[in-house]
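Colleague: Mind looking over this structure? Questions follow.
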Amino acid sequence: MLVNATEMLKKAKAGHYAVGHFNINNLEWTKAILSTAQELNSPVILGVSEGAGKYMTGFKTVVGMVNGMLEEMKITVPVALHLDHGTYDGCLKCVEAGFSSIMFDGSHYPIEENIAKTKELVKICAEHGMSLEAEVGAIGGEEDGVIGMGECADPQECKMIADLGVDFLAAGIGNIHGKYPANWAGLSFETLDAIQKLTGDLPLVLHGGTGIPADMIKKAISLGVSKINVNTECQLSFAAATRKYIEEGKDLQGKGFDPRKLLAPGTEAIKATVKEKMELFGSVGKA
Ligand code: 13P
């Protein structure tokens with residue numbers, strides 16, 4: 001059964017480790033992440049962006065697939081199904097579809113509007129036993145081929161949003177989605193430290209987990225980060241393994257074109273990436 005992410009992240013914050021949020025795109029992704037979490041006895045958060053939800057034909061399909069896998073694969077570790085960077089309407093759709101957790105990304109609104117909308121969703125999530133992630137300070141990334149630098153959130157604004165009763169908070173600390181540019185300045189630990197001082201026990205979320213060096217990840221965890229989002233890295237491992245299979249001509253040998261064979265190396269590559277991240281984040285054995 002799906003659980004919300006509140007308890008697992010409170011435990012992570014108290015235990016000084018982080019739970020991985022891995023974005024899913026399809027059945028292979030979901031199966032790979034769930035089986036790795038079970039094998040390593042680790043809690044896990046399955047992230048679904050609105051685009052990925054649409055790709056999978058809608059949030060209800062996602063809920064059906066994940067719930068089915070939890071049962072068929074006999075998954076016993078805590079699993080949360082979480083909307084990633086949701087709009088207000090997207091959040092309402094996921095509440096209705098049966099997600100266990102949502103992120104409302106109001107970081108592009110003026111702070112007053114971010115507060116007003118987040119407040120509404122705090123109430124709705126409480127009524128449904130769901131967890132809520134909010135965001136302050138937009139997280140950059142590639143848009144139209146241009147890589148925007150990550151913003152640093154204002155710690156006072158983080159406190160204002162934290163005080164609304166959200167369960168965990170994503171705050172920009174110079175992190176960005178996708179690959180980091182060569183001239184990236186690194187994470188701003190000063191900002192993170194200031195945010196943690198004002199938000200206390202609230203678990204903090206680090207987006208853009210792909211390509212952040214291990215020592216920075218560890219330092220971020222020591223300063224209160226309890227959830228780390230990874231997406232691009234699984235996509236890159238999947239693509240590289242699939243490319244290798246095809247370049248070696250394996251799809252042309254025997255029944256190598258069978259999707260169950262063609263997609264197997266990519267699926268195994270996702271598993272390896274998820275395992276590596278869970279080990280780095282310290283969530284192995286913490287289910
Ligand atoms: P990456 O794609 O950089 O790993 O970021 C994932 C993320 O933050 C999803 O919200």
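Colleague: What residues qualify as long-range amide H neighbours of His85, i.e. H under 5 Å apart, gap of 5 or more or another chain, H built at 1.01 Å from N?
Modeller: Met103
Colleague: Can you give the Kirkwood hydrodynamic radius for the stretch 1-141, in Å, rounded to one decimal and based on Cα pairs?
Modeller: Taking every pair of different Cα atoms in the stretch 1-141, averaging 1/r and inverting gives 15.4 Å.
Colleague: Still on this model: If you build a Gaussian network model of the chain, linking Cα atoms that sit under 10 Å apart, which residue out of Pro155, Pro213, Pro43 swings the most?
Modeller: Top of the fluctuation ranking is Pro213.
Colleague: Would you mind getting the Kirkwood hydrodynamic radius of the chain from its Cα pairs, rounded to one decimal in Å?
Modeller: 19.1 Å
Colleague: Could I ask something else about it? Not counting the cut sites, what is the longest span of the chain without trypsin sites (Lys or Arg not before Pro) that DSSP labels loop and that have at most 10 other Cβ atoms within 10 Å?
Modeller: 75-254
Colleague: Running a GNM on the chain with Cα contacts under 10 Å, which residue among Ile246, Ile221, Ile139 ends up with the highest mean-square fluctuation?
Modeller: Looking only at Ile246, Ile221, Ile139, the biggest GNM fluctuation is shown by Ile246.
Colleague: Give me the one-decimal nm value for the distance between modelled label points at Lys197 and Lys219, 7 Å along each residue's Cα-to-Cβ direction.
Modeller: If labels sit at Lys197 and Lys219, their model points lie 1.7 nm apart.
Colleague: Do any GluC sites (Glu not before Pro) in the stretch 161-248 lie in a loop, going by DSSP, with at most 13 other beta-carbon atoms within 10 Å of their beta carbon, and if so which?
Modeller: Answer by residue number: Glu248.
Colleague: Count the DSSP beta bridges whose two residues both fall in the chain, then state the antiparallel fraction as a percent rounded to the nearest 5.
Modeller: 10 percent
Colleague: Report the dimensions of the stretch 39-100 along its three principal axes from the alpha-carbon atoms, largest first, rounded to Å.
Modeller: That gives 34, 18, 18 Å along the principal axes, largest extent first.
Colleague: Right, next: Going through the cross-link list Lys31/Lys159; Lys179/Lys250; Lys123/Lys179; Lys31/Lys227; Lys60/Lys218, which pairs have a Cα-Cα distance over 32 Å in this structure?
Modeller: Table pairs above 32 Å Cα-Cα are Lys31/Lys159; Lys123/Lys179; Lys60/Lys218.
Colleague: Next question, about the same structure. With labels modelled as points extended 7 Å from the Cα through the Cβ direction, what inter-label distance (nm, one decimal) is found for Glu248 paired with His16?
Modeller: Those two pseudo-labels are separated by 4.2 nm.
Colleague: Residue by residue, what Karplus-based ³J(HN,Hα) values in Hz, rounded to whole numbers, does the stretch 3-13 have, using 6.51, -1.76 and 1.60 with θ = phi - 60° and x for Gly and Pro?
Modeller: So the Karplus estimates, Gly and Pro as x, are 10, 7, 9, 4, 5, 4, 7, 5, 4, 5, 5 Hz.
Colleague: Would you list the P(r) distribution for the stretch 1-66, with all Cα-Cα distances sorted into 5 Å bins from 0 and each bin expressed as a whole %?
Modeller: Computed distribution, short to long bins: 3, 16, 25, 24, 17, 10, 4, 1.
Colleague: Quickly work out the Leu262-to-Thr87 label distance, labels modelled 7 Å from Cα along the C-beta direction, and quote it in nm with one decimal.
Modeller: Inter-label distance under the simple model: 3.3 nm.
Colleague: In addition: With springs only between Cα atoms under 10 Å apart, run a GNM on the chain and tell me which of Gln38, Gln156, Gln196 wobbles the most.
Modeller: Its mean-square fluctuation being the largest, the pick is Gln156.
Each value in this text was obtained by applying a stated rule to the coordinates, not by laboratory testing. None of these values were measured; they are calculated from a predicted model. Backbone-built Cβ (ideal geometry, glycine too); neighbour counts: all protein chains shown.
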